[in-house]
Each structure stands twice: as structure tokens, then as C-alpha cells.
Amino acid sequence: MELRKRFLRGEGPNLVVKHGAMAEGDEPKQPNAQRGGSEEAFTFEFGNCSGSCFLLRRPWQNGVSMAPGLLLAALLALAQAWCVNAIHENLLWFSQLTEVEREISFRTECGLYYSYYKQMLQAPSISEGLSELIHDNLTESKRTINLLQRMNIYQEVFLSVLYRLLPVQSYLEPVYFYIYTVFSLQAVYVIALYLTAWLLSGSWLAGALAGVWYILNRIDTTRVEFTISLRENWSLPFFALQVATITCYLRPQLTVLQQKVMVWLMYVTTFCFCLTWQFNQFILLVQALIIYTLDCTDFLSTKQVTTLYLVQVCGLLSVWLLQFCNSMILGSLVLSFIVATLFVRHCQTGLKTGSFLVRLGKILLHTIIVLLLTFTINFLAKKALQLKSDEHIFKFIKSKFGFGMTRDFDAGLYLCEEAFGVLPLDTLDRLAGTLLLYPYVLTLLLLIGGFIVTAVQNLGSPKGASGEEKRGASAGRAAAFRPDVAYNLLHTMFFGLLAFSTMRMKYIWTGHMCAVAAFGVCGTEIWTLIFNTLRCNSKSLLRLVTYAVPLAMMGCLYYKFWPKLMEELSELREFYDPDTVELMTWISTKTSKQAVFAGSMQLLAGIKLCTGRVLTNHPHYEDKDLRERTRQVYQVYARRPPEEVHEILRAVGADYVVLENSICFERRHRRGCRLRDLLDLANGHIMDGPGENEPDLVSSPHLRFCEAAKTDSPAYTAFFTRTFQNKTFHVYKLKKKRKKGGNPKSSEPSAPQ
């Protein structure tokens, strides 16, 4: 009790907390000593200096205490990079593959992104390579597009330039320079999580535990070893660094210089994150909502909120400039939300005054106005910019929650992929198996309780209190529940909800989950709450537990998972895809370099990488015209007559079309989610196979093109000539449109098989 009284008199270690919910420019005041007993007890529980006490030491003491922690962070980071590299090598036997096999291993959109790295290296000079990317006519036939504007490929440009300039060509192949860079970013990711956990708890043991958990939960924290080029593998390490810098920025006791350094680091990490992933606006929108919630509940000062918003805006606008004024960024919801929030807050000056119920009503009204203004600004911006690039995302979201069209082809492509479904429950089983889930849930529940209590206290300032008393009470409550802890709590909650709704988003959540759970195990806040509940306030026991429990958990994890990890690292497999190798070899040797190929998005990305041929469509789906073109090209798997398919393919400039048995006779997805089913629904046709059909669907009078073309009946040979086939692929060359009265058979010679 004496320690509590000293803290409330301003003699406790956290008195120097200045920025909780105080207005900009206010002088620090002592907390109000007249607050109720419940608030006083809560202040003791969360008002300790875990995560910030070491700042009170002398510089040489900080250096000595930080050295082993930083060394361990580096070791764990190197361990993660080595693990993913070893697993990648063992899965494919990558070092023994031929060049075409290595390139085929970059599946789907990964191959498309890697092709631009290869293209830059093959260009005569850096300037010519950049010019080819800015005026590209190979990625989409009959179109010249600016790839640096449309796609987030600056990382490929940067790496290609770096590879050209560094003296590494003689002993490091370009592909290894690329994959080693991506694996090195995994090391950066581990370091970022390590620092976040360390900053929150004040113990580098928390960082070590977070790093160990991240490595052991590799299945659920990353998929980098088999999807190297995915944009998320480039961007999420920078996002984790941004979260670490925000955590540091919101800590108490930072000097003005340290705050400025943190702001610049936040900008740099936000910029790198936005530059490397096209979905950055949606992630930043969630983050902006977190900041908005903290602002409404008085956990952040006006200066902090404005700074965080402006960092997001500056990061997005910097990318907008580098991407040649990409309209998708200006039309993003996050920019509209930030503009609306800052404008409404400027107009509503009395938002944070009044009794508890009055403030709740004001916040509700404020939120409604902000949302209405956000959607109004966004609607007007998209109208002015004629922006439709991201409408497929909103179609998917509306369809996912039952508000959109169920037969929309674009929405169906997303809804039918497992990655865009809800989070499978076996994910939680795996997380529980590594002892991660249980401390995470306990930490989350206790922090939520503390957050709610503090938020209610913040909103329930006594009516009629003087400004000095309000500011003093605000400072005391900020010490009670630190802003950096509050931010990380909402971060894991918001992104956790996103992960549960869309499985692909779990990789944003699970990494940060490791840091939060480690904070709960190693920090004093959670243990203090538990001991107070048990009426045990022994400081020596508290210190013992915060060291013994994480060490015991790491010992248990080592005993349980080290043999499994070694077994996984020793498991050898081999890449084997002879049909695709045969197809790529045939295209490279038997077709013109200017030939245009049509087919599935995934296969065409590989054709672009392995052969350099021109494509009709590709997996980068953030363009309305391209989405429509893809739907048209996919009619080769629908029930359409050969003359219509020929006309469609000719309209997009195709010379060849590649049909895949794995799509034509697909069994991986359930009925209604196979690609041919999505096309039938979009065309209003009855789907194949047993099962119910909606009453307004009709039976198509035509055969499915991908099946009927293989019969070589005159109706099909009049328009298409089979030029290549194996067990997986059938390639048809389009004949030129025959003149009336002409002999269709003589209009186009057959190409050799």
C-alpha cells in the first residue's frame, strides 16, 4: 500500500510518463490523489516500469545489458534464415535443378514477379531495362503498360541493379542472390518481433521466446520457402519493423531527439512496406482504425495521433509518386479515412469533454460522421479518378458476407480458394501444440480487461474537475496502462479478427501473436495481476517467475521440437514436373519470340518467365480491363462454340492457346467452385455433375470447348490446329480467319508436334 501511495504522490518510477492523453504542450502534472480505490489498485498493477526501467540506467549499463540480447536476436534471425533456405533446398533439391526447372519452381504469380528481375538482368543496361519496364508490351498483348505503375516490383528492380553493381556475379548466380535476399528478410522479421517483445516486457528473454515461437510455428507464420516471390514475403518484415518503431515511439521517457528518430524510422518502414505490396492500403486501414480507437479512448495524445496518421499519409504518397501517380493509392479507403478523421476532429473541438455518457454519445456521433465522410470522399475520389482497379476486392468482401452477387466470376475466384476462407481450426491446434496459444489467450484476456477499465476511467473524468486535475488524472491513467501496450493489444485483436475471417491474412497475425504471448510470459504486468489476485505481492517471487517460466518453456520446446526440426531439415525431396519442362522447352524452341500465348493466369506467368513470350493475361489482378480479358480467355473452359472462342482469342491477339487437363477435368475443388463451374454460372449455364442447380440456369447447347477440341472434329480443326500435347497440356495454334468460300484446311499449315 505504501508503494501505491508513493506512486500516486508522484514518487514512483513511472512518474516521468508525460504523453499519455495530455494535450500537446501541457506540462506534466502529478496524478490526482483523490481517485477511487479500484483505480488506485489498477494503477499499481499496470503502472510498473516493465519495458521502460532500463532507460533509467546509465548508458554503459544499458549497453552491457543490451549486448547479450542483441547477440541472441542476431543468432535467432540467422537460424530462421538458415532454416527456410535449408527447407527450400530440401523440398526441391534446388541446387541440382536445371535453369528451366528452377524457373518453373516459381509457381503462379511468383514466376511473373521473378521474370522482371530476370528481364532487368538481361537488358543491355540499367536504363534500357527500366525503359522496357515502363513501356512494356510483353505482359499484356496489344497493350503497352507501365509495370512500375501497375505492379509493386521495385524490389526486383532494386535487386537487379544491386546485382549488376556488386562484385558477386562470379560466385553467386542471380537466382541465389534473389532468394537469399528474401530469406534474409525473414531474419529481419525475427529481429523485429524480438525487439517488439523486448520493448513491451523490458526483458530480452521475451524477444528470445518470441523468436523461438516464430521459428517453430513456421507453417502458420510464413510460407516463404515455397512462395519466395510473393509480395507479402517482401513487405511483412517491414511491417513488423514498423510495429516495433511505433511501439518504441509510444514508450515513455523518450527525448525529443529519440522521438524524431522514431518518426523517421516509422516513415521509412511504412514506405518500404507500402512499396512492396499492392494490398498495403487495406493493412494500413486496419492500422488507422486502431489509432482511431486509441484516440477516442484517450490512450494517445493529439500530437501522437496526428503524427501516426501523417506517417501513413506520407508513406502512401511517396509510393504514389514512385508508382507514376498510381490512382489506386489516391482512391484508397485509408487516405479517405485519415482525411475525414482529421477534418472532423478539427471541427469537433469539444469531443473529449463531459460526463461518461455524454462522451460515449459524442464518440458514437463522431464515428458515424467520420464513416459517412470517409465513404463520401472515397466515392468522389474514385469518380474523379475513374478508378475501378480495386473493385474486385470489395466484390469479394461483399460476397463473403452475403451482400454481393453470388455468380460474379471475380468474387468466385477468391471465395473458392481455401486461402480466402475462414481460418481452419487445426491452425489453433498447431499453435497450442507449441505452447503459444495458451499464454497468448491468457495475456489477451487480461490485457482486454485492463484496457476496458482504463478506457472507462479515461472517459469518466469527474464532471466539473479543473483542467489541472483532469490532466493529472489522465497522466496517471496513462502510466497505469502504457500506450505501447494498448497499441499492441488492439493490433493483435484487429488483425486476429482479420485472420479468422480470411486465412491468408493469418501471416500478419501469427507473427505478432508470438511477440504478445512472449510479453505476457516475460513481462511483469500479467504476473502482477495474477499475484494480486492470489494476494501474493512478493517482489522476489515475481522476479523468479519472470525468469524461470520463459526458461522452462524454452527448455520444454527444445526437448519436444528440436528432434522434429532436425528430422524436417534432413528430409530430402526432389522437384519433378516433366510435362511442364517439356512444354516450356517446346515453346522456347518451336515458336516465334513474338508469339502470343493464351491460357490460365498461373501457367502464363511461368511461360513469361521461362520463354519470354507475350501473354494475353496474367495473375496480377489489380486492373479492371485485365480481369475482363481473363474472364474472356477462360471461355476455353466453358461451353462455347469454337467460332466464338476463336473470335475471343483473336481479339486479344493470341496465336496459341494452352489447355490444361488439370483445369478442364478439375477435381480439387467442390462442385460450384471448379473453374468450369464459375464460368458456367457467370454464363447462366447448368453446371456439370450431379447436384442442384438454380432454377434460372439453362442447359448450354454447346460442348465444353477444352474437351471437344481434343476430338479434332471439323468444327474445331477449321479454327484450331493442335501443335503440341502431352499428358497435361494441349497447345492449339489459332488459324487465321478464313475468307468466304476458302478451304479451312489450307488456311493454316499444321505445326510439328
Task: Count - residues of the stretch 120-137 that are touching a Gly at 6+ places or on another chain (Cβ under 9 Å), more than 14 Å from Leu148 (Cα to Cα) and not polar (S, T, N, Q) - done: 2
Task: Unmet requirement for Cys706, which otherwise passes all of (1) crowded, with 19+ Cβ neighbours inside 10 Å; (2) in a helix (DSSP H, G or I); (3) out of contact with any helix residue (DSSP H, G or I) (no Cβ under 6 Å at 6 or more places or on another chain) - done: (3)
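Filter the stretch 225-241 down to residues that are outside any helix (DSSP H, G or I) and out of contact with any Lys or Arg (no Cβ under 9 Å at 6 or more places or on another chain) and give me whichever is farthest from Asn280 (Cα to Cα).
We begin by selecting, within the stretch 225-241, every residue outside any helix (DSSP H, G or I); these are 225-230.
With out of contact with any Lys or Arg (no Cβ under 9 Å at 6 or more places or on another chain) added as a condition, the list becomes 228-229.
Details: Ile228: 19, Ser229: 16 Å.
Selected residue: Ile228.
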Open item on the list: Tell me whether the stretch 233-255 contains one or more residues that are at pLDDT 95 or above, among the hydrophobic types (A, V, I, L, M, F, W, C) and farther than 29 Å from Tyr154 by Cα.
Closed with: yes
Task: Complete set of residues in the stretch 380-433 that are in a loop (DSSP other than H, G, I, E, B), surrounded by 19 or more Cβ atoms within 10 Å (Cβ to Cβ) and not aliphatic (A, V, I, L, M) - done: Ser389, Asp390, Asp408
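Restricted to the stretch 645-691, and to residues that are assigned to a loop (DSSP other than H, G, I, E, B) and hydrophobic (A, V, I, L, M, F, W, C), which residue is nearest to Leu734 (Cα to Cα)?
To start, the set of residues in the stretch 645-691 that are assigned to a loop (DSSP other than H, G, I, E, B) comprises 652-655, 665-674, 684, 686-691.
Narrowing further to those that are hydrophobic (A, V, I, L, M, F, W, C): 652, 654, 665, 673, 686-687.
Details: Val652: 12, Ala654: 8, Phe665: 23, Cys673: 29, Ile686: 28, Met687: 28 Å.
Per the stated criteria, the residue is Ala654.
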Task: Index of the failed condition, Arg223 passing every other in (1) open to solvent by less than 10 Å² (accessible area, probe 1.4 Å); (2) under 26 Å from Lys560 (Cα atoms); (3) at pLDDT below 95 - done: (1)
Open item on the list: Take Leu572 and tell me if it is surrounded by fewer than 22 Cβ atoms within 10 Å (Cβ to Cβ), among the hydrophobic types (A, V, I, L, M, F, W, C), in contact (Cβ under 8 Å) with a residue 60 or more places away in the chain and assigned to a helix (DSSP H, G or I).
Closed with: no
Task: Among residues of the stretch 373-422, those that are within 26 Å of Leu342 (Cβ to Cβ), among the hydroxyl-bearing types (Ser, Thr, Tyr) and without any contact (Cβ under 8 Å) to a residue 60 or more places away in the chain, counted - done: 2
TODO: Check Tyr189 against each of (1) within 26 Å of Trp562 (Cβ to Cβ); (2) open to solvent by 20 Å² or more (accessible area, probe 1.4 Å); (3) among the hydroxyl-bearing types (Ser, Thr, Tyr) and name the one condition it does not meet.
DONE: (2)
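Kindly check whether there is at least one residue in the stretch 196-207 that is over 30 Å from Tyr440 (Cα atoms), open to solvent by 20 Å² or more (accessible area, probe 1.4 Å), not in a helix (DSSP H, G or I) and not acidic (Asp, Glu).
Just the residues of the stretch 196-207 that are over 30 Å from Tyr440 (Cα atoms), to begin with: none.
No, every residue in the stretch 196-207 fails to be over 30 Å from Tyr440 (Cα atoms), open to solvent by 20 Å² or more (accessible area, probe 1.4 Å), not in a helix (DSSP H, G or I) and not acidic (Asp, Glu).
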Open item on the list: Which of the numbered conditions does Ser170 fail, given that it passes all the others? Conditions: (1) in a helix (DSSP H, G or I); (2) without any contact (Cβ under 8 Å) to a residue 40 or more places away in the chain.
Closed with: (1)
Open item on the list: So Leu626 passes all but one of these: (1) modelled with pLDDT under 95; (2) under 20 Å from Ser662 (Cα atoms); (3) buried (at least 17 other Cβ atoms within 10 Å of the Cβ). Which condition number does it fail?
Closed with: (2)
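So in the stretch 242-256, with the set limited to residues that are of a type in the set (Ser, Thr, Tyr) and in a helix (DSSP H, G or I), which one is farthest from Val182 (Cα to Cα)? Walk me through it before giving the result.
Taking the stretch 242-256 and keeping what is of a type in the set (Ser, Thr, Tyr), we get 245, 247, 249, 255.
With the extra rule that they be in a helix (DSSP H, G or I), the set shrinks to 245, 247, 249.
On the way: Thr245: 22, Thr247: 25, Tyr249: 28 Å.
Restricting to residues being of a type in the set (Ser, Thr, Tyr) and in a helix (DSSP H, G or I), the top hit is Tyr249.
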TODO: Among the candidates Thr524, Thr528, Thr585, Thr591, single out the residue that is open to solvent by 40 Å² or more (accessible area, probe 1.4 Å) and more than 30 Å from the chain's Cα centre (by Cα).
DONE: Thr585
- [ ] Could you list all residues from the stretch 92-151 that are open to solvent by less than 60 Å² (accessible area, probe 1.4 Å), farther than 30 Å from Leu316 by Cβ, in a helix (DSSP H, G or I) and free of Cβ contacts under 8 Å to residues at least 12 places away in the same chain?
- [x] Ser95
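Output the residues belonging to the stretch 152-167 that are more than 19 Å from Glu232 (Cα to Cα), of a type outside the set (D, E, K, R) and either open to solvent by less than 10 Å² (accessible area, probe 1.4 Å) or assigned to a helix (DSSP H, G or I) (or both). Break it down stepwise before answering.
In the first step, residues of the stretch 152-167 are kept if they are more than 19 Å from Glu232 (Cα to Cα); the result is 160-167.
Okay, now just the ones that are also of a type outside the set (D, E, K, R), so 160-163, 165-167.
Result: Ser160, Val161, Leu162, Tyr163, Leu165.
Among the candidates Arg667, Arg639, Arg631, which residue alone is without any contact (Cβ under 8 Å) to a residue 40 or more places away in the chain and open to solvent by 10 Å² or more (accessible area, probe 1.4 Å)?
Numbers: Arg639 fails: without any contact (Cβ under 8 Å) to a residue 40 or more places away in the chain; Arg631 fails: without any contact (Cβ under 8 Å) to a residue 40 or more places away in the chain.
Step by step, each of Arg667, Arg639, Arg631 is checked, and only Arg667 is without any contact (Cβ under 8 Å) to a residue 40 or more places away in the chain and open to solvent by 10 Å² or more (accessible area, probe 1.4 Å).
The values are calculated or read from the model by the stated rules, or taken from the named source; none is laboratory data. Given the structure is predicted, the values throughout are model-derived calculations rather than measurements. Backbone-built Cβ (ideal geometry, glycine too); neighbour counts: all protein chains shown. What goes into the accessible areas is simple: the full protein's heavy atoms, side chains included, and nothing from ligands, DNA or RNA. Shrake-Rupley method; radii C 1.70, N 1.55, O 1.52, S 1.80 Å.
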